[in-house]
Amino acid sequence: MKHLLSIADLSAEEITQILDTAVSMHEVQDRQVKKLPTLRGRTIINFFFEDSTRTRASFEIAGKWMSADTINLTGKGTSVSKGESLRDTVLTIDAMGVDMMIIRHPASGAPAQIADWTDCSIVNAGDGTHEHPSQALLDAYTLRRALGDLRGRHVAIVGDLTHSRVLRSNLLCLRALGAQVTLVAPPTLMPSGVAAWSAADGFETSYDLDAVLPTVDAVMMLRVQRERMSGGYFPTAREYAVTYGLTARRLGLLQDHAVIAHPGPMNRGLEISADAADAARSLVLDQVSAGVAVRMSILYHLLAGEGDAQ
Amino acid sequence: MSRTPALLVRGADLAGGGAGDVLVVDGTIRAVGTDAAADAPEGVQRLDADGLVLLPGLVDLHTHLREPGREDAETIETGSQAAAVGGFTAVLAMANTTPVTDSAEVAETVLDLGRRAGYVDVHPVGAVTKGLAGQELAELGLMARSRARVRVFSDDGRCVDDARLMRRALEYVKGFGGVVSQHAQDPRLADGTACCHEGELSGRLGLPGWPAVAEETIVARDVMLARHTGSRVHVAHVSTAGSVEVLRWAKAQGIAVTAEVTPHHLMLTEGELAGYDPTFKVNPPLRPAEDTRALREALADGTIDAVATDHAPHVRQDKEHAFADAAFGMLGLETALPVVSTVMVAEGLMTWADVARTMSSAPARIAGLSDQGRGLTTGAPANLTLVDPTRSHTVDRALSRSLSRNNPWHGRRLTGAVHLTMLRGQVTAREGLVWGATA
């Protein structure tokens, strides 16, 4: 593994290895002194062309705890006007001899292009509406801790699916681990071509959240931006919350063991009610806490190679 | 190189009509057929063309030569050279230059630069609206009356989406036999960010979708406007099976609509986008194989009248961005004939007579060019393209005469190559090399 660009590039075994290594990384988090020497002397650039708080912070902490030199850079998504191409920009950084670039970019596919242009290891930290693989890995890690082996488990992913990079990575990751997946959204928020896609990849779709909830082991609520209303994706926030929000009433439809996930940031009162977000079965904070451990594991597998993390 | 006084092209397949000779004297076709040699004057040059196909010079309804304004990407001279190498003897240069070709002055500048280069006839396309802004008509009549004699008008790159403005443009150009070439893209259904055919692939790749219906609704609207106004409308770069259905229906009604398809929409499909390589970013986007099939059938059966390249050079730094941020467009002039030969002729969908129709006579007729596309007939200007139909070659973008390198065919093997191009009796290109055309 040189890059982490898309979950589609990983086998089920590789995903499992990353999750397994994350378990031991998670233990580091509880130590008073958290440094591991693993990546001493390695240089990691967090190159974020789009704002991010939690992803950037957790990648930076992950790198620091593994003793890498981490540097944060921000860039504008488009530098067409400046006359410098994205290729020029990243080649400049690559020429300084860095080992890894962690890329967040508002345009889908940018990390894959950068991997073609440069020699260093590339991690996709979220590209446009394409993928967010580290998020999917930490979600799988969190679900696995809550539910055990995900094979045969049923996960519903609900929300603004067409604009969600989290959806695409989670769908691939959960399917690779053998989970059943049902996408739930109004037709306007389903990904383009979802009928052909679901037939090819073996997942379900539904417009009826109430019908799906009683059958799931986990429900993953995705953020719905209020601005989507202006694009005509749904009429009002109120209507969305009533039809597709995880309301207090809908909590009662879940099986006793079923858990709730949300990759954040949450829109309380829209896609998720306070009752659901703060419920005992909510994994929201576990997801955040798993973020550092899973990202340490990713850095380890890409930069340190195979073997025992300790 | 100065004009060949007399040339006898011997034994070529005459545009699919069987082997024969063509005698060129003083820039004009003097005789055609098996006994053409009988009229040859003393000292005539002979060109043995056994196994080659002789076509009337190719005419491209749709090029972007970038001058004035972006001479770093292409100039009228380099674009003309690429055209000559590709077998063209006339090209229409789109209006989205800087300044926009929306006045007689700019149109005449483009015409003059084309003449000075001398490799092909360069005919400026006039903008439909001032500054391509889609608000008010450009001075269509003054462009038509200028030395450039503009007859084709297009806001290409942008759709004339205002129905009332489109209606007026169609009506107005009737006054001087003009035609509006529409870039069919409803901007509400496919805005400037749309860059991938909307469907399963755009869903998976997370790229903004460009749905087929955004083209089809404009094509449908415009054929109805053409019927209502009794005007001619031309549809640029048709890319979907649905548009083909609308065109087929409209032609059956006798509506005066013509259409073009690009070589890239005939050969390449959306799957090229899987690696996010901006070389394959083009507007309208590459479509699924079902559309490609429908476009090939429509070109073969005449529903689509012409092949047009939409040659769109871009400098490297405008393409080497994230896919969503990179410029739209790909090169096309040098590869058009080989692509059509590969996907249409070699596949048995079209004859060389069909190639002569779709790449020479039909586009010349649509553009109102009287001395182009007249075929291999006695008395016609000697605008000729000699093709080696069986020669395979691997495209190398480094060998292009264009200033730009955004060539989607790089590394691909194509069958059929332009051997020689002649403009009014002057050889303008031979075996991929430009021959100095003007003394």
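Does B:E347 satisfy the criteria of being more than 15 Å from the chain's Cα centre (by Cα) and within 14 Å of chain A (Cβ to nearest Cβ)? Reasoning before the result, please.
On the way: more than 15 Å from the chain's Cα centre (by Cα): yes; within 14 Å of chain A (Cβ to nearest Cβ): no.
In short, no.
Quick check on segment B:177-185. Is at least one of its residues within 14 Å of chain A (Cβ to nearest Cβ), of a type in the set (A, V, I, L, M) and either out of contact with any strand residue (DSSP E or B) (no Cβ under 9 Å at 6 or more places or on another chain) or outside any helix (DSSP H, G or I) (or both)?
Of segment B:177-185, the ones within 14 Å of chain A (Cβ to nearest Cβ) are none.
No, segment B:177-185 contains no residue that is within 14 Å of chain A (Cβ to nearest Cβ), of a type in the set (A, V, I, L, M) and either out of contact with any strand residue (DSSP E or B) (no Cβ under 9 Å at 6 or more places or on another chain) or outside any helix (DSSP H, G or I) (or both).
Looking only at segment B:225-245, filter to residues that are within 22 Å of the chain's Cα centre (by Cα) and among the aliphatic types (A, V, I, L, M); which one of those is nearest to B:A308 (Cα to Cα)?
B:A236
So which residues in segment B:128-161 are in a loop (DSSP other than H, G, I, E, B), buried (at least 17 other Cβ atoms within 10 Å of the Cβ) and polar (S, T, N, Q)?
Hits for segment B:128-161 are B:S146, B:S154.
When segment A:182-194 is examined, which residues are found to be surrounded by 14 or more Cβ atoms within 10 Å (Cβ to Cβ) and out of contact with any strand residue (DSSP E or B) (no Cβ under 7 Å at 6 or more places or on another chain)? Lay out the reasoning, then the answer.
To start, the set of residues in segment A:182-194 that are surrounded by 14 or more Cβ atoms within 10 Å (Cβ to Cβ) comprises A:182-186, A:189-194.
Scanning segment A:182-194 gives A:P186, A:L189, A:P191, A:G193.
Does A:P106 qualify as being surrounded by fewer than 24 Cβ atoms within 10 Å (Cβ to Cβ) and away from every other protein chain (no Cβ under 14 Å)?
Details: surrounded by fewer than 24 Cβ atoms within 10 Å (Cβ to Cβ): yes; away from every other protein chain (no Cβ under 14 Å): no.
When the stated conditions are applied, A:P106 does not pass them.
Across segment B:275-295, which residue is nearest to the other protein chains (Cβ to nearest Cβ) among those that are surrounded by fewer than 20 Cβ atoms within 10 Å (Cβ to Cβ) and in a loop (DSSP other than H, G, I, E, B)?
Checked segment B:275-295; the qualifying residue nearest to the other protein chains (Cβ to nearest Cβ) is B:D277.
Out of the residues in segment B:298-329 that are farther than 28 Å from B:Q81 by Cα and of a type in the set (D, E), state the one that is nearest to the other protein chains (Cβ to nearest Cβ).
B:D325
Could you tell me which of the residues A:T142, A:T129 is under 17 Å from the mean Cα position of the chain (by Cα), under 20 Å from B:C196 (Cβ atoms) and in contact (Cβ under 8 Å) with a residue 24 or more places away in the chain?
Values: A:T142 fails: under 20 Å from B:C196 (Cβ atoms).
Testing whether each residue is under 17 Å from the mean Cα position of the chain (by Cα), under 20 Å from B:C196 (Cβ atoms) and in contact (Cβ under 8 Å) with a residue 24 or more places away in the chain leaves just A:T129.
Considering segment B:115-127 alone, what residues qualify as being assigned to a loop (DSSP other than H, G, I, E, B) and under 15 Å from B:G368 (Cα atoms)?
Keep residues of segment B:115-127 that are assigned to a loop (DSSP other than H, G, I, E, B), which gives B:118-120, B:125, B:127.
Scanning segment B:115-127 gives a single hit, B:V125.
If we only count strands (runs of 3 or more DSSP E) wholly inside segment B:1-86, which ones have 1 or more residues that are in contact with a Ser or Thr (Cβ under 7 Å, 6 or more places away or on another chain)? Spell out how you get there, then give the answer.
Details: elements: B:6-14, B:19-25, B:28-33, B:45-48, B:53-56, B:58-63.
Strands (runs of 3 or more DSSP E) meeting the threshold: B:19-25, B:28-33, B:45-48, B:53-56, B:58-63.
So which strands (runs of 3 or more DSSP E) stay within segment A:157-262 end to end and still have 1 or more residues that are closer than 16 Å to B:R204 by Cα? Even if it seems obvious, please write down each step before you answer.
Working: elements: A:180-184, A:204-206, A:218-221, A:259-261.
Those strands (runs of 3 or more DSSP E) span A:180-184, A:204-206.
Can you tell me which residues in segment A:271-280 are in a loop (DSSP other than H, G, I, E, B) and either out of contact with any Lys or Arg (no Cβ under 7 Å at 6 or more places or on another chain) or surrounded by fewer than 17 Cβ atoms within 10 Å (Cβ to Cβ) (or both)? Full working, then the answer.
Filtering segment A:271-280 down to residues in a loop (DSSP other than H, G, I, E, B) leaves A:271, A:273, A:278-280.
Across segment A:271-280, the qualifying residues are A:S273, A:D278, A:A279, A:A280.
None of the figures in this text is laboratory data; all of them are computed from the coordinates on show. Keep in mind the model is a prediction, meaning the values are calculated, not measured. Don't worry about glycine lacking a Cβ; one is built from the backbone with ideal geometry, like all the others, and counts go over all protein chains shown.
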